[in-house]
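Everything on this sheet refers to the single structure shown next.
Here, each number is a calculation from the coordinates, and none is a lab measurement. The structure presented is a predicted model; accordingly, all values stated were derived computationally and were not measured. Don't worry about glycine lacking a Cβ; one is built from the backbone with ideal geometry, like all the others, and counts go over all protein chains shown.
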Amino acid sequence: MILVKDAIITGKKQDLLVEGNIIKKIGNISISEVSKDETEVIDGKNCVLIPGLINTHTHVPMSLFRGVADDIPLMEWLSGHIWPMESKLNEKIVYAGTLLGTIEMIKSGTTAFNDMYFFLDSIIKAVDETGIRSTIAYGMIDLFDEEKREKELKTAKKSLEMIKNLNNSRITGALGPHAPYTCSKEILESTNALAREYNVPIHIHMNETLDEINQVVEKTGMRPFEYLNSFGFFDNVNTICAHCVHLSDSEIQIMKEKNIFAAHNPVSNLKLASGVSPVLKLLENNVPVTLGTDGCGSNNNMNLFEEIKAAALIHKGVNLNPVAVTAKDAFDFGTKNGAKALNINSGEIKEGKLADFVLINMKKPYLTPKENIESHLVYSFNGVVDKVVIDGKLVLNDGKMVNIDEEKVYELSEEAYFELTN
Ligand SMILES: [Zn+2]
């Protein structure tokens with residue numbers, strides 16, 4: 001059990017008791033009420049306790065690609081730098097990159113993420129060791145080739161079986177067809193069938209750039225959401241669509257009707273000059289918006305507090321509307337909405353919710369005066385958190401990882417980067 005004493009929880013100073021992996025009680029809880037031998041007491045004085053953030057679009061091992069080839073066009077970035085490096089990936093490199101990325105997320109208050117990548121064994125190993133919660137999909141790309149398609153589907157199915165057999169409630173599977181311009185209709189149809197069979201969500205890139213949308217329109221005569229909807233891709237599954245930068249009104253209607261979640265990646269979309277997602281229109285149509293960082297190659301970090309701030313600012317600017325996307329909206333994108341998208345019983349601090357939460361010491365210049373803490377967390381905070389509890393376990397204590405030798409991870413990461421670039 002964990003007992004947090006004297007923290008600011010939902011606006012007032014109180015205590016919080018964790019039993020197993022669940023928030024058992026919030027209120028005034030005296031130490032004499034709990035068994036001293038079995039309870040870890042955390043001093044929450046001067047701290048605000050918030051739900052852990054949920055990052056709904058990542059390629060976590062790309063943390064090793066941080067700072068590689070900034071400020072160039074997307075296709076040049078991909079074909080000249082990212083794809084050649086990705087061709088050198090191996091299990092060891094992906095393991096190092098995942099450790100690095102998950103530590104970065106935990107240290108900036110993220111307790112769960114939704115990933116799409118390769119070498120899932122290595123990702124799972126690192127996720128298990130760091131203690132974070134994740135939904136993991138093997139990224140499928142068939143480039144309209146039948147042989148490749150069979151291979152990709154086989155790997156995806158194998159990954160789902162492997163994750164199921166882990167029997168680890170922190171690690172769940174998903175299906176990750178890369179995008180409509182890199183995946184055939186057949187693989188997308190099989191994705192829907194597999195998602196139903198395994199009862200897992202689908203994680204896909206949608207409408208990130210004008211160029212890729214034009215490719216789909218030229219090929220099919222339909223915009224990407226219309227095309228996928230024409231063969232039932234969104235039927236009876238939970239779909240998380242990353243980016244959603246350029247959307248027609250009819251595509252927003254499809255998102256609304258099919259209960260599709262948008263994973264908004266404002267920083268990545270700005271850096272790659274893809275555009276700005278019409279988030280206000282999504283909200284007007286009750287399409288749930290969540291937040292993702294995308295991979296570190298296009299961000300260049302995994303600090304979701306930066307996405308929260310960007311989301312709260314950018315839509316005011318592009319809509320010339322100071323009440324567009326309020327601080328509360330943006331914070332909900334990064335917590336409550338993310339939890340719904342990944343079907344995790346978290347994202348809020350309430351009795352009965354999973355014990356996935358974060359403590360932030362408020363004795364910092366940018367968090368003072370403490371009365372306006374909700375505003376500070378969105379507009380003023382840099383994301384450096386103090387303690388993190390995930391699934392009822394303390395994984396970050398006073399800014400340090402509890403179960404991980406961080407020095408070793410930096411060493412492994414430098415070695416992996418050398419291997420990728422030489
Ligand atoms: Zn992505």
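Observations
- Estimated 222 nm signal from helices in the chain, with DSSP H stretches of n ≥ 4 weighted -39500 (n - 2.57), rounded to 500: -11500 deg cm²/dmol
- Relative contact order (%) - the range 8-83, alpha-carbon pairs under 8 angstrom, separation at least six: 24
- Residues whose amide H falls under 5 Å from that of C47, counting only those 5 or more places apart or on a different chain, are I8, M362, with hydrogens built in the peptide plane.
- For the range 372-422: relative contact order, % (alpha-carbon pairs under 8 angstrom, 6 or more apart): 18
- The dipole here belongs to the range 59-107: it is taken about the Cα centre, uses +1 on the Cβ of Lys and Arg and -1 on the Cβ of Asp and Glu, and is about 220 debye.
- Separation between Cα centres of the range 280-309 and the range 134-200, rounded to whole Å: 23
- Cβ-based net charge around N299, under 10 Å, with every Lys or Arg adding one and every Asp or Glu removing one: -1
- Unit charges on C-beta of K, R, D, E only; dipole of the chain, Debye: 1160
- Taking a straight Cα-Cα cut-off under 15 Å and skipping sequence neighbours fewer than 8 places away in the same chain, the aspartates and glutamates within cross-link reach of K364 are E374, D386, D398.
- Local electrostatic count at G80 - Lys and Arg +1, Asp and Glu -1, tallied over other residues with Cβ under 15 Å: -3
- Proximal charge balance of K364 [Cβ under 13 Å; K/R count +1, D/E count -1]: +1
- Inter-part distance, the range 241-277 to the range 1-64, computed on C-alpha centroids, equals 33 Å.
- For the range 53-341, the Kirkwood radius over C-alpha pairs fed into Stokes-Einstein at 4 °C and 1.567 mPa s yields D = 69 µm² per second.
- At least 18 Å along the helix axis (C-alpha) and Kyte average at least 0.0, DSSP helices within the chain: 91-107, 304-319
- Of the cross-linked pairs K258/K281; K256/K340; K24/K107; K256/K353; K45/K387, those separated by over 18 Å at the C-alpha level are K24/K107; K256/K353.
- Length-normalised contact order of the chain in % [C-alpha pairs under 8 Å, at least 6 apart]: 21
- Packing, as the average of other Cβ atoms within 10 Å across residues, places the peptides 395-408, 321-334 in the order 321-334, 395-408, highest first.
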